[in-house]
Amino acid sequence: MAAPGKLSTFRLPPLPTIREIIKLFRLQAVKQLSQNFLLDLRLTDKIVRKAGDLTNAYVYEVGPGPGGITRSILNANVAKLLVVEKDTRFIPGLQMLSDAAPGKLRIVHGDVLTFKIEKAFPANLKRPWEDVTYQDTLRSCMVLIVFLSCVTSLEYIEPPSVHIIGNLPFSVSTPLIIKWLENISCRNGPFTYGRTQMTLTFQKEVAERLTASTGSKQRSRLSVMAQYLCGVQHVFTIPGRAFVPKPQVDVGVVHFTPLRQPKIEQPFKLVEKVVQNTFQFRRKRCYRGLGMLFPEAQRVESTGRLLRLADVDPTLRPSQLSLSHFKSLCDVYRMMCDEDPHLFAYNFREELKQSKSNTQEDEDEDDEETHAL
Ligand code: SAM
């Protein structure tokens, strides 16, 4: 590898435009699959720049389609790019890119919801979770390294890093980010490599929810779940008109960096349950939703105890609860679950269903009695 200053920069050779690729391979967007393509390479370059410095990085692109973002990633001097695309029609166009970037691009025909990226990159890329990110290291050491390697002519070995980038249909990106947040919490899946950063697109409203601060109108379940595990930034908005065909909505590009230390140190499913219950009555005061964590017979008493021990004002609305409120609520709820081993399995919806079917049975019995009379 070349020393700093002599780093060879890879550029793709001249290629047909994305519009020409779409024509050449007859890649009309399938509306049912919510396919909306980015043809403007200045925009795809901007998405890739927002992912950070990708020099020598291993990148996983989800849903490359006709390959606009793929080209920008390849031009960012990455070590390897792996793309996973579900629709076979795009494979020949991607193959053309692979031929233009020998040894850099691997194409997988598959589904990102089931693809196991943790097996796809070399195991030696794994870095301790506590490691500072490549950008952190780079910022603090670059000057020193450049100086030393210039003086000694030593080769500068950049630490490899792993990034995920993608513009997926909204129906896929939201379930996928929830799955990946759980993977972050368990440090598995794409996060077996360490604190893999993600740059992904969402419907603008979802991007706003992901990044909403305490007290804001968009504050939701997604805000808390994302922000307790990651630094989340809505880096820019792409107007719907930039896509072909134009979607109904604008698109937000969101950058996620997993936190070294999550802000709530409890199992993902427990945090999810507390947050989900809290936000189910989003306009009501928080004690209403939190109460649903407990069976009816003990609801008033246990909710009071939870809020008292967590030191949370019961009259706050769900959107007014900060991450530290949620941390206290999760910690106290965990303690209550440890005291009562049946508590975590309690689901008020099942109780509701049960009581509805009991009422139905009572009514049926009444009907039978009426008939008998
Ligand atoms: N990234 C391209 C761009 O920005 O122009 C295409 C974007 S289009 C919104 C989404 C792409 O993701 C399509 O190519 C679609 O076939 C692909 N896709 C959708 N669901 C997928 C899945 N579950 N796994 C892999 N690819 C998927």
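The values are calculated or read from the model by the stated rules, or taken from the named source; none is laboratory data. Since the structure is predicted, the reported quantities are computational estimates derived from the model, not experimental observations. With ideal geometry, Cβ positions are generated from the backbone for all residues, glycine too; neighbour counts draw on all protein chains shown. Keep in mind that these areas ignore ligands, DNA and RNA; they rest on the heavy atoms of the full protein, side chains included. Shrake-Rupley method; radii C 1.70, N 1.55, O 1.52, S 1.80 Å.
Some points to look at:
- A single entry from 161, 171 fulfils the requirement of being modelled with pLDDT under 95 and buried (at least 18 other Cβ atoms within 10 Å of the Cβ): 161.
- Residue that is modelled with pLDDT under 95 and at negative phi, where the choices are 273, 246: 246
- Flag for residue 46 being more than 9 Å from the ligand (Cβ to nearest atom) and modelled with pLDDT under 95: no
- Per-region count, the stretch 282-317, residues assigned to a loop (DSSP other than H, G, I, E, B) and either at pLDDT below 95 or not hydrophobic (A, V, I, L, M, F, W, C) (or both): 10
Residues checked against (1) of a type in the set (Asp, Glu); (2) crowded, with 19+ Cβ neighbours inside 10 Å; (3) under 25 Å from residue 218 (Cα atoms):
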site	(1), (2), (3)
288	no, no, yes
305	no, no, no
316	no, no, yes
333	no, yes, no
342	no, no, no
349	no, no, no
355	no, no, no
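- In the stretch 238-261, the residues that are within 25 Å of residue 195 (Cα to Cα), surrounded by fewer than 20 Cβ atoms within 10 Å (Cβ to Cβ) and touching a helix residue (DSSP H, G or I) at 6+ places or on another chain (Cβ under 8 Å): none
- Residue ID - least open to solvent (accessible area, probe 1.4 Å), chosen from residues in the stretch 64-121 that are of a type in the set (D, E, K, R) and away from the ligand (no atom under 11 Å from the Cβ): 104
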